[in-house]
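S.K.: Got a structure here, written out as structure tokens. Questions coming.
Each reported figure results from applying straightforward, stated rules to the coordinates on display, with no laboratory input. Since the structure is predicted, the reported quantities are computational estimates derived from the model, not experimental observations. Please note: Cβ atoms are built from the backbone with ideal geometry, for glycine as well, and neighbour counts cover all protein chains shown.
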Amino acid sequence: MDAIILIGLYILVFIGLPIGLIWLLNFIPKKLGYPKAGKYLAIIFGLFVLTIILWFAFEDQLFTKDNAKELVEEQQIILADEFELTENKSTSAIGDYYHTFTLKISDRDKQTAISKIISADNFKKDNSSVDQTIYLSDDRYFGPKVTQNYETEKAFVREYFQPSGQKGYAPTYTRISISKLDNELTYEDIDE
């Protein structure tokens, strides 16, 4: 029963509200004696809503190598050579967002990234001594930024966690893994 109510609310908010606003933007100016203005306002708002819908529907297809490079470099992993975006996926729901992509990078960029992780002050070689629950910490909303650098059996990993500073808002959590076997860099962004 709760699922039916939730679906009804989604339909009301995401379909009914835009249609109602388009109708109002047409109806009010028409009643005030400006039918063309109402038509133009309704068309402009309708195109705006359609653009937003299409943007979310094709978000993965519009993601570029430049976007990927920018996100990776935010974590101080510099990509100097040419690379290939081999996989890109994102999923979202109300309040949740998950984005991951994989890059095929050069040997030189791989070695540079690994040395950046290994040379970090808090680098841990022994996986068991790493606090792997930074994302699931007790206080996800307040506290310091945390960066973890460590080595696992299959990858070198850099994790970054920044609380939102506001109760109820998702913290920033990103994870970059550089594969030991392949020249692959995997980026994960989780907002819950």
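S.K.: Restrict the search to the stretch 28-100; then list the GluC sites (Glu not before Pro) that DSSP places in a loop and that have at most 14 other Cβ atoms within 10 Å of their Cβ.
M.R.: Of the GluC sites (Glu not before Pro), the ones in loops of the stretch 28-100 whose Cβ has at most 14 other Cβ atoms within 10 Å are Glu74, Glu82.
S.K.: Do any chymotrypsin sites (Phe, Trp or Tyr not before Pro) in the stretch 38-119 lie in a DSSP loop with no more than 16 other beta carbon atoms within 10 Å, and if so, which?
M.R.: Phe58
S.K.: Evaluate the relative contact order of the chain (contact order divided by residue number), counting alpha-carbon pairs under 8 angstrom at least 6 apart; express in whole percent.
M.R.: Relative contact order here is 15 percent.
S.K.: Here's another thing I want to ask about it. In terms of Cα to Cα distance under 22 Å, which lysines are near enough to Lys39, apart from those fewer than 8 places away along the same chain?
M.R.: Cross-link targets: Lys30, Lys31.
S.K.: Looking at the chain, identify the longest residue range that excludes and avoids all trypsin sites (Lys or Arg not before Pro) in DSSP loops having at most 16 other Cβ atoms within 10 Å.
M.R.: 1-124
S.K.: Helix-derived [θ] at 222 nm for the chain: sum -39500 (n - 2.57) over DSSP H runs of at least 4, divide by residue count, nearest 500?
M.R.: Per the formula, -12000 deg cm²/dmol.
S.K.: Give or take rounding to whole Å, what are the principal axis extents of the alpha carbon atoms in the chain, in descending order?
M.R.: So the extents along the principal axes, rounded to whole Å, are 73, 40, 30.
S.K.: With each pseudo-label sitting 7 Å past Cα toward Cβ, what's the Leu17-Leu181 distance in nm, one decimal?
M.R.: 4.6
S.K.: Roughly how tilted is helix 107-118, in degrees to the nearest 10 and between 0 and 90, from the longest Cα axis of the chain?
M.R.: Between helix and principal axis, roughly 80 degrees.
S.K.: Based on alpha-carbon atoms only, what is the radius of gyration of the stretch 2-57 relative to the globular estimate 2.2 N^0.38 Å?
M.R.: My calculation over the Cα atoms of the stretch 2-57 gives 1.37.
S.K.: Starting from the 7 Å offset along Cα-to-Cβ, what nm value, one decimal, do you get for the label separation of Ala57 and Gln162?
M.R.: Simple spin-label model gives 3.4 nm for this pair.
S.K.: Let me ask another. First select every other residue whose beta carbon is under 12 angstrom from the beta carbon of Ala42; then total the charges, Lys and Arg +1, Asp and Glu -1.
M.R.: Once positives and negatives cancel, what remains is +3.
S.K.: Would you work out which of Gln75, Ile28, Tyr40 lies farthest towards the positive end of the dipole of the chain? Charges go on Cβ: Lys and Arg +1, Asp and Glu -1.
M.R.: Towards the positive end, the residue furthest out is Ile28.
S.K.: Related question: Towards the positive end of the charge dipole of the chain, with charges on Cβ (+1 Lys, Arg; -1 Asp, Glu), say which of Gln162, Ile53, Ile19 has the farthest Cα.
M.R.: Ile19
S.K.: Quick one: helix 2-11 against the long Cα principal axis of the chain, what's the angle to the nearest 10°, folded into 0 to 90?
M.R.: Once rounded, one gets 70 degrees.
S.K.: What's the angle, to the nearest 10 degrees (0 to 90), between helix 17-31's Cα axis and the longest principal axis of the chain?
M.R.: It works out to around 30 degrees.
S.K.: Put +1 on the Cβ of each Lys and Arg and -1 on the Cβ of each Asp and Glu in the chain; which of Ser115, Phe142, Leu181 then has its Cα farthest toward the positive end of the dipole?
M.R.: Of the candidates, Phe142 comes out farthest on the positive side.
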